[in-house]
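Remarks on the structure that follows.
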Amino acid sequence: MILRIFNNIHFLVACGCFAIFFPGSFVFGFPGVMAGEWQQLFNVDKSQIGRLMFFILAGTGFSMYLSGKLQEKIAPHWMILTGNFFCALSIGLVGYATSITHVYIWAFAEGFFCGFVYIPCLTIFQRLFPANKGLLTGIINLTFGGSSAVMAPVFSFLLVSKGYGATCWITMIAAISIGMGCALFIKIPKSMAKKDLIIAPRLSLMQTIALKPFRYLWCVWALAGAAGVSLIILSATFGQTLGYDVTQYVIILTCFNILNGIGRLVCGRLADHFPKQKILMIVFLLASAAYFLMPFVTAIYLLSFLACFVGLAFGAMFTVSAPLVTECFGLENFGRVFGLVFTAYGFLAGFLGPWLSGIVLDTTNGNFTIVFTGFAFFYLISAFLILRVRKPGIIHSRS
């Protein structure tokens, strides 16, 4: 009886959500809440804080393609367990940071080991639910991105009531206990293990890079990824510029992450029934309009409302792109191709977004109009590029 429960695919989905919950909150929620604390602790400027997300994304960029290849040789649950352990350990160790350099090391490690959780989870649940890839991708991404909507207020509360070091240790213990425990159960049931899932010929690294649809999608992830991820850091600095304290400007980040999470589920479900490219085009245009309006808004709740559209586009990019990659390049190539797409987000989005925006803000005396307008154009360009992502002629599905 117990064995049947553990083999139940719905139980596996629940384990996948719990396994990815804390890594997601560490990437999307922790830096935004701690940005002001780190700036005071280490006496650094906005551009140095902006580099945090660059190092997180660089770590992710290095690990995503690697994890996509490793999951073909190593049992996914061991990869997920390893990723959870080091994500949690990193958050504990950053509590001892004595300089911004130590925080950069934490950021890179956090991003790197997130890849060991994210890619195997997406691959497993697309295999388990071939008819509902978008929905299941949305559920996993809802947990990954939406976890910070739950945890950002918790991080803020712990920071104020317990202090910086205690916050890191409390979250480390919770992450190790829950994440690693659930990771052990994330396995393909034996009844499905021998299914023939080869739906497309294997693509080599050079073959993938040579495909125009891949290059268009890669550019979308660089531009839309930069515009979306930047608000995680900028929500704090923009809120401070307008005179709000941490308990107030955290509302912007919370609203961003609520739609970041819910949007993943809704857009994932829509992707099972409507063209994925058009879904992404619509949300990118909405985010572009939101960024155009932000410099002219000062009310915290109206800013939070606009942040919802950026969060929606950010979450949709992750969720809808995953089944889009499977549709265009085949499930057999998903881990490798999606890992390569992630390098745009990892290596370029972090520079074009948080890092470059921090430099612009420092050199222009905090001119957010330039930064937000630039991100609006990033989303506008992405809305047109995504329509050109189509199934390459060399990929032929087979039953």
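Values quoted throughout were computed directly from the atomic coordinates according to the rules given, and no laboratory measurement underlies them. Just so it is clear, the structure is predicted and the values come from calculations on it, not from any experiment. Heads up, the Cβs are rebuilt from the backbone with ideal geometry, glycines too, and the neighbour counts pull from every protein chain shown.
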Open item on the list: Just want to confirm a number: the relative contact order over the stretch 2-388, from Cα pairs under 8 angstrom separated by 6+ residues, in percent.
Closed with: 29 percent
TODO: Would you work out which of T364, L380, L158 lies farthest towards the positive end of the dipole of the chain, given +1 charges on the beta-carbon of Lys and Arg and -1 on that of Asp and Glu, about the Cα centre?
DONE: L380
TODO: Would you mind telling me which residue in N367, N132, N141 has the biggest mean-square fluctuation in a Gaussian network model of the chain, where springs connect alpha carbons within a distance under 10 angstrom?
DONE: N367
Task: Neighbour-count order for T254, T298, fewest beta carbons within 10 angstrom listed first - done: T298, T254
Open item on the list: Pick from P23, P295, P323 the residue whose mean-square fluctuation is largest in a GNM of the chain, springs joining Cα atoms under 10 Å.
Closed with: P295
TODO: Once you've got the Cα coordinates, tell me which of K69/K133; K133/K162; K46/K278; K46/K69 are over 31 Å apart.
DONE: K133/K162; K46/K278; K46/K69
Open item on the list: If I model a spin label as a point 7 Å beyond the Cα along the Cα-Cβ vector, how far apart are those points for S161 and H273 in nm?
Closed with: 4.2 nm
Open item on the list: With the crude spin-label approximation of a point 7 Å out along Cα→Cβ, what separation in nm comes out for R215 versus A14?
Closed with: 4.8 nm
Open item on the list: For the chain, give me every cysteine whose Cβ has no other Cys Cβ within less than 4.7 Å, ordered by residue number.
Closed with: C17, C87, C114, C121, C168, C219, C255, C267, C308, C328
Open item on the list: More than 34 angstrom separation, counting every C-alpha pair in the chain; what % is that?
Closed with: 23 percent
Task: Cα-projected label distance for S99 with T369, points at 7 Å along beta-carbon direction, nm - done: 3.9 nm
- [ ] Mind pulling the angle between the C-alpha long axis of helix 100-128 and the longest principal axis of the chain? Nearest 10 degrees, somewhere in 0 to 90.
- [x] 30 degrees
Task: Mean-position separation - Cα centroids, the stretch 119-133 and the stretch 52-115, in angstrom - done: 22 Å
Task: Ranked R390, R336, criterion: other C-beta atoms within 10 Å, fewest first - done: R390, R336
Open item on the list: Under a Cβ-only charge scheme (Lys and Arg +1, Asp and Glu -1), can you give me the dipole magnitude of the chain about the Cα centre, in debye to the nearest 20?
Closed with: 1500 debye
Open item on the list: With unit charges on the beta carbons (Lys and Arg positive, Asp and Glu negative) and the dipole taken about the Cα centre of the stretch 2-388, which residue among S63, L12, I139 sits farthest to the positive side?
Closed with: L12
- [ ] Please order W169, W218 by the number of other Cβ within 10 Å, starting at the fewest.
- [x] W169, W218
Task: MRE, 222 nm, helices only [DSSP H, n ≥ 4, -39500 (n - 2.57), over the chain, to nearest 500] - done: -25500 deg cm²/dmol
